[in-house]
Each structure stands twice: as C-alpha cells, then as structure tokens.
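Every number here is computed from the coordinates shown, using simple stated rules; none is lab data. Just so you know, these numbers come straight off a predicted model, no measurement behind them. Note that each Cβ is placed from the backbone with ideal geometry, even for glycine, and that neighbours are counted across all protein chains shown.
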Amino acid sequence: MARADRKAAAAESAKTGVMTHRQIMFVLFGLMSGMFLSALDQSVVGTAMRTIADDLHGLSAQAWVTTAYLITSTIATPIYGKLGDIFGRRYLFITAISIFILGSVISAFATTMYELAAYRAIQGIGAGGLFALALTILADIVPPKDRARYQGMFLAVFGTSSVLGPLIGGLLAGMDSFLGITGWRWIFLMNLPLGAMALVMVVSFLHLPHHEHKTKRIDWWGVLTIIVGVVPLLIVAEQGRDWGWTSTNSITAYIVGGLGIAAFIYVENIMKADALLPLHLFKSRTFTLTTLLGVIIGVGMFGGMISLPLVLQIVYGATPTEAGYLMIPMVMGLMVSSIVSGRITSKTGKYKIFMVLGTALMAISYFYLSTLNYTWPVWQISVGMVLMGLGLGQMMQTLTIASQNAVSAKDIGVATSSATFFRQMGGTLGVAVFLSILFNTLADKGPQMGKQIAAAIMKNPALLQDPRNSAFKPGANLGDMIKTDSSFLKTASPELANPIKDAFAQSATTVFVVATLVVVLAFAISLFIKEIALRQKSGFQERAEDAAASMH
C-alpha cells in the first residue's frame, strides 16, 4: 500500500472509527510490545530477587521492593484509565512505557534495597498503565463481539513471558558480571533495548482517533483519597504476616485505609461523571457483579496459585527457575482455552458460559489439588495445573469483555481500569491471606515434624554425623529456614527431609481447600450475571457516531 493510501486510510478511520484488520494488527503489535515489557519484568525480577537481596545485603528489606512496585502500579491503574478517557490513550501509553524504562535504568544502579524499592516504585507507575491501557485501546478499535479473539494474543504474551522470565532471571542472576556490570543489574538494563523497541512500535503503529471529553476536570481529590485508602491496605497485606495481623501497625493501617476508602466514596459521589471511578457504573448489575466476580477470582486465583511454586520448590526440590518451567502446563492450558473461548465468543456472541465453565474448572482443579500428598509424582500436580489454566483462560478475557460491554463507549477506559484495579486488589488480599494460612498451618505442624525427626535420629543417631544433614543441628529453627532458603531439603537424608515435605504438602492442601470454597462462591455469582448482547461496534465507532450526532 502506497504511503498516500495509508494516510488516506488512517484519516478515514480517524473520522469513522472503523479500522481494517491490517490496521488493528499493527496497533496490536505496539500494544503487545508494551505489555511484554511489563509481564517479562515481573517474572524475571521475582526469580532473581533472592540474589539481588544477598548482593545488596538487604534480605529483610526484600518485601519492600515488591510492595513499592505493587502499590504504585495498583494505584496508577485507575488514574491512567480516567486520564486516557479525557486526553486520549496514545500519549499516555507512550508516557507509561517511558516511565517504566526510566525506572528500570535507575533500578539497575541501586546500591541499597531501599533505593531499589524507591526506583521500583517509579517502574510501577509506568507498569500500571501498560496492561489497563492496552485492554482499553483494544476495546476502542475492536467491537466486543470480536474482541475475545484478539485478547487471546495478549494472554499469549503473558504465557510467553512467564516461560521466558524464570529462564532469563535465573541466567542473569547466576552471572557474576557481564561487560563489567553485575549480572542481576542486567535484569533491569535489558528493559532499555526492549523498551526502545516497544516505543518504536507504539509510535509507528499506534495512531488512534480521539474524541475529547467536554470537560477536562481532573478528580485530584479522588486521586488523593484513593492513595490514602489503598496504600495502607496494600502495605498491611504485604507486611501483616511479619507485623502480626492484630499488631498496632496493622490496626493503624486498617483504620487509615478504611477512612481513606470512605473519603474516596464521598468524593466520587460529589464528582459525578468526572470522578476517577464514576459510581454510576455500578448502576449496571452486570458491571457490578462482574467486578465482584473479578475480586473473588483475584483472591482465589493469586492466593491459591501462590502455593504451587512453593510446593514445587520445597516438596520437589525445584529451583525458582525450574519451578517456573514446571508451571508451563498451566500456561499452556490458559493459552489454549483463551484462544478457543475467544473464537467461540466471536462466532456466537455468547460469553456467560465461559464465566460459569471457567469458575467450575478452577474449583475442580483446587479440589483435586487439595488431595495432594508429598509422594505424588510431578505429573499428578501438572494435571491440576492444566485444569487451572483451562479455567483461567476462559475467565480472564471474558470478565474484561463483560465489564466493557456493560458500559457506554465514553466510559470504556475507566471501566477497564476499574475492573483491573479491583482484580489486583483481590489478588493482593488473596496472596496475603493464603500465605498466612500456609505458614500458620505449617507452624502448627511444627511439633509433629519435630517428633518425627527426633524419632528418626533416635533410631539412627549416625544421621546427625552425615554432612548432608548439617542443617539439622540442635537449636536450628527449621521453620525460618523453610521460609528463607529450603535448599537444605534437597540434600538431606529422606528420614529427616520427608517429615518436613509431608507437613508442607499438608499445609498446602489446607490452602487449596479454602481456595476451592472461594472459587465455588465465584461460580455461584457467575450464575446470576445477566448476559448483555455484545455490541457490534467498537468504542471509536460509537464515539464517532455520538460526536457526529451532537454536531447536527
């Protein structure tokens, strides 16, 4: 196609909001490059975090690095959604990538864990816009009926990054240095060329028409109150296990967070349509129930899944990198089900069935995993992971499409970012609650473990002389060792290691039982969601028609 023809096609799509498949694919390349940047970073950093903490002498501050990123990315999500509705999403997406690259480069040169936490917070500000804006832009250019087909590509990006991330993270963390720079620092520096490529893709292909809002009033009080409401709750979710859930710090966080949320609701009610999170969205029963379902799925999904890599590492002796690879069956299930369900939705226009089927499969997978025994071969866990992936793949995109389809075109951005925000909050809550259940249950099994280990030593005192069992010296705190570095279980004699593996597997089954109950609740809610017929026009088309109608 000649350059003049391309310009003419772009001008026509800007007026009508209708884009060709070729134009849509070019936009998707730009969106996926930005999403890949964020998704890969999370899995790479998680794998290498232990090495980073050791090098910066800050193991105790490790949680703050994760918390800082989580806080800023979560809070930024609804802000990007609203600003995108007002000012247009192209420049915001470019800004998000640029901030992410800046945060990556300065993170590479951190000299302490607290510095790294501050720089990761800047990275999080960028990351908060990448996922929500990408989903919103897709809603702008593709009608709801066809959207699921394209969203499968986004999930493929996450699947690919979750496979590549542990490999790259393990490889770079294991290098002493490269070009005179410590190996783990390249985890952040590699975002510079990746980010530059993403920027080129976005600037080149992401050309979007924008129909401006009549008002550009920004809800700054909403921004302030959501920070006051959410930050303390995210901090207590991350730190509560160490502080104690009823400690002074935790109770203070609950009170401040509760007051902040109350103030946020008050401000949003006053701001009406200009609110950061317009409350009129919740007049739609479908949007409300879909958002609630997203929160519960977030709790069950992230909370329950957090135990799987830990089981693989502690019970099966896998390294973090190997555990990432062992999660591939779940990723494959997710990708297959997302593609199949997307195609069926595009052909039939039906999507509620995938909420019901998705939650049912997730519940079945957790129930199956609740029968876990430490003697299981790995393939038995893989069966549960495949079922989990098959359920998740149907849920992830369907929830987003249902939320977007339930609101008017002018609210697509804020609806998408709100749904993403609530799902992230549910996931954070789930991880906090389920990790507490896991390790509290393990602590309760401490006396049982101690008796079994003592009986094995009494039966064969020579076990303590075996250098492989040096971790079992008198006075050793096995509970703390399991939490911080469980590698001693790989080499320990089976007589001493198996009681610990058994206790951990039993603790994980408790988590899976609770996760089953949570997902069964999600299944029940999915039955009551009203399926609204998927609209045949993209967000741009609808806004272009509204703009044309208002001129007559």
Discussion item. Between residue 204 and residue 383, how high is the FRET efficiency from 1/(1 + (r/R0)^6) when r is the Cβ-Cβ distance and R₀ = 60 Å? Nearest 0.05.
Written reply: 0.85
Item to complete: Please give the contour-minus-distance gain from residue 371 to residue 249: 0.36 nm per residue of separation, less the Cα-Cα distance, rounded to one decimal in nm.
Response: 40.2 nm
Worksheet entry | Subset of 445/501; 283/347; 82/410; 145/272; 145/352 violating a 18 Å alpha-carbon distance limit | 283/347; 145/272
Practice prompt. Please work out the Cα center distance from segment 215-293 to segment 512-533, rounded to the nearest Å.
Written response: 24
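Just to confirm the filter: which chymotrypsin sites (Phe, Trp or Tyr not before Pro) across segment 103-200 are DSSP coil and have at most 16 other Cβ within 10 angstrom of their Cβ?
109
Stretched out fully, how many nm does the piece from residue 460 to residue 259 gain, at 0.36 nm a residue minus the Cα gap?
Numbers: separation 201, 0.36 × 201 = 72.36 nm, distance 5.93 nm.
Working it through step by step, the gained length comes to 66.4 nm.
For residue 493 and residue 91, FRET efficiency with R0 = 45 Å and r from the beta-carbon atoms, rounded to 0.05? All intermediate terms of the calculation are to be shown ahead of the outcome.
Details: r = 61 Å, r/R0 = 1.37.
Efficiency computed from Cβ-Cβ geometry: 0.15.
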Fill in: Inter-label distance, nm, simple model (7 Å from Cα along the C-beta direction), residue 21/residue 531
2.5
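Assuming R0 = 30 Å, can you tell me the calculated FRET efficiency for the pair residue 279 and residue 220, based on Cβ-Cβ distance, to the nearest 0.05? Numbers along the way, then the final one.
On the way: r = 17 Å, r/R0 = 0.58.
Taking R0 as 30 Å, the efficiency between residue 279 and residue 220 is 0.95.
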